[in-house]
Amino acid sequence: MLPVILKEAMRMKKNKEGTVVTKHKDKKSFKARLSSIIMCAPVTIWSVLFVLVPVGMLLFMSFMTKGPLGKIVYKFTLDNYAEIFKPVYVTVVKQSLLIAVWTTVLTILLGYPLATVIAHVKKKTSGVLTVLLMLPLWVSGLVILYSFVVMLNNSGIINTILMSLGIIKKPIDLLYNNFAVIVGMIYMFLPFAVLPMYSSIEKLDPGLIEASKDLGAGPIKTFCKVTLPLTAPGIFAAVILTFIPCIGYYMVTDMLGGGTSMMVGNLIYRQFTIARNWPFGAALSIILAAIILLMVLIYTKLGGDLDDLGA
Amino acid sequence: MEKRKKKKRVMSILGKVYVVLLFLFIYAPVFVMIAFSFNDSHCQCSVVGIYNKILCETV
């Protein structure tokens, strides 16, 4: 009888301990969960209040009607989205895509060799070059653009130098055209394009290039077959970091384009300020956001890392 | 072997020149901004004040 009672007592003790342990574990996990919730709360509240709610409001507004004197009439309509397909706006979208594509291609072409040089020099020098690359970003973009106005003017520094050297007789129109806009855009986005490319080139195993050379491939073939495919994620990250903000960036177009070239960003800005057509501006913003999301989705599907985009 | 070394040296010089040119492009607006901060003219292009004095003295 005694062993049975002892066994039962032991089992009960075990059970008791078991429950105590589980309860302790539950308490611990609850505490951990609570602390993680508390830690995440500020960011979550911030994101909901200042990202999700405004985007939701924008989406809601894009389906509303424009009233007289720029007021919003709360009546559902799809006209704002249909209006985007009018020839005038299609031209603006086409032009902004063209400028964005040119800017992206030229930025990548200019930035890739620079990223390669930075990745292949000594660590100390690469650090210095990276800092030097990022340093002009500390200066206000507006001031930089005014400097470009001074340089590219008809009587500006570049034209004066070219004329005094006798290369040109009349000043060339460097300002207030697409050329000036593209130059300004390249300037603004070059550092952002170089950094992801530099990071992917730096990660590249030099042994692979050596192996390619040992197998008889020339420098061009090695670059096309080994370097380029392995650094493709970095290039694609650079493309996204240049192309996406380029479409919506209206400051450069406003200051260096001089009203001759208009991009989607300018159109949105004007809808909200001058035209006071908030629903149409909201519809344009939603379409722009959709294009951006689509590009990021393609990037992640191709195996791109969101960390490289600063996510 | 020597040809390869020569090629490598030329490439490294070209790389350096390219980096210098690109950094000149990046820093040109900053330098212009600094230079014009000492200019006495209200116009964007005419050079008055300290630069005018320097130009007059050199001429």
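The values are calculated or read from the model by the stated rules, or taken from the named source; none is laboratory data. Since the structure is predicted, the reported quantities are computational estimates derived from the model, not experimental observations. Note: ideal-geometry Cβ built from the backbone for every residue, glycine included; neighbour counts use all protein chains shown. Each accessible area value is taken on the protein alone, full model and side chains, heavy atoms only, with ligands, DNA and RNA left out. Shrake-Rupley method; radii C 1.70, N 1.55, O 1.52, S 1.80 Å.
Tell me, please, whether a residue that is facing chain B (nearest Cβ under 8 Å) and in contact with a helix residue (DSSP H, G or I) (Cβ under 7 Å, 6 or more places away or on another chain) can be found in the range A:75-87. No, the range A:75-87 has no match at all. When the range A:100-130 is filtered for residues that are more than 20 Å from A:Lys203 (Cα to Cα), touching a helix residue (DSSP H, G or I) at 6+ places or on another chain (Cβ under 6 Å) and aliphatic (A, V, I, L, M), the ones remaining, listed by number, are A:Ala100, A:Leu106. Scanning the range B:10-20 for residues being facing another protein chain (nearest Cβ under 9 Å) and under 19 Å from A:Ile186 (Cα atoms) gives a total of 2. Of all the residues in the range B:15-40, those that are in a helix (DSSP H, G or I), over 19 Å from A:Thr107 (Cα atoms) and open to solvent by 90 Å² or more (accessible area, probe 1.4 Å) number 1. In the range B:21-34, the residues that are more than 7 Å from every other protein chain (Cβ to nearest Cβ) form Cβ pairs under 8 Å with partners that are among the aromatic types (Phe, Trp, Tyr) and in a helix (DSSP H, G or I), at six or more places apart or across chains, as follows: B:Phe25/A:Tyr187. Residue check: is A:Ser140 of a type in the set (S, T, N, Q) and over 25 Å from the mean Cα position of the chain (by Cα)? No, not satisfied. Consider the range A:134-153 and keep the residues that are part of a helix (DSSP H, G or I) and facing chain B (nearest Cβ under 7 Å). The one that is surrounded by the fewest Cβ atoms within 10 Å (Cβ to Cβ) is A:Val143. Remark: A:Lys71 matches the filter, which requires a residue to be surrounded by fewer than 19 Cβ atoms within 10 Å (Cβ to Cβ) and away from every other protein chain (no Cβ under 14 Å). If you go through the range A:103-116 and keep only what is among the hydrophobic types (A, V, I, L, M, F, W, C), at the interface with chain B (Cβ under 10 Å from one of its Cβ atoms) and either without any contact (Cβ under 8 Å) to a residue 12 or more places away in the chain or surrounded by 21 or more Cβ atoms within 10 Å (Cβ to Cβ) (or both), you end up with just A:Leu114. Taken over the range A:154-166, residues that are open to solvent by less than 30 Å² (accessible area, probe 1.4 Å) and within 7 Å of chain B (Cβ to nearest Cβ) amount to 1. Considering (1) touching a residue at least 40 places away in the same chain (Cβ under 8 Å); (2) within 11 Å of chain B (Cβ to nearest Cβ); (3) of a type outside the set (Val, Ile, Thr); (4) surrounded by 15 or more Cβ atoms within 10 Å (Cβ to Cβ), the lone condition that A:Leu129 does not fulfil carries the number (1).
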